[in-house]
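The values are calculated or read from the model by the stated rules, or taken from the named source; none is laboratory data. Remember, predicted model here, so these are calculated numbers, not experimental data. Positions of Cβ are generated from backbone atoms using ideal geometry, with glycine treated the same way; all protein chains shown enter the neighbour counts.
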Amino acid sequence: MKLPLITLSLFLAFALFLPESYPAQAQASKPSDAYKQFLVKLYWAKSLKDFSPCMQESTRTHMDSLTGQEAIDCFKKYKRGYVAKFRVIREEVVEERGFIEGDGIGADLGQRVKAHVRAQMVREGGTWKVMQTNWSGTVSRR
């Protein structure tokens, strides 16, 4: 008779523990965590809608309104901006804005190059969103 009582106690303890810890783990607590999640979604994206939820509201609204060739061109632009092996060098939070500098590997004109990344993030509804991102690196013309 004690076994069902122990099982029930463990189940209740787990059920009480899960709602508190799960959302905190799922939501990025730092701007760089959210930026890394954005890069993962961008890497696997097949369309704008796959990563637009990571963008600030005005950008997301604009992206979601695009159709046809405009949507394709915007998608390609963001895909070209993907940076692999991203590593944070510096991160700063000022009120509802986050500023990230890092490095990684970018690709342009068919070349892989060391990329210096700068990203600005904004907190919307308690969640960090990408406001602006770019990378720079030296690409040689062949």
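Based on what the data block shows, is VAL113 of a type in the set (Val, Ile, Thr), surrounded by 15 or more Cβ atoms within 10 Å (Cβ to Cβ), closer than 20 Å to THR138 by Cα and at pLDDT below 95?
In short, yes.
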Positions within segment 117-134 being surrounded by fewer than 16 Cβ atoms within 10 Å (Cβ to Cβ) and touching a strand residue (DSSP E or B) at 6+ places or on another chain (Cβ under 7 Å), in sequence order: ARG118, GLN132, ASN134
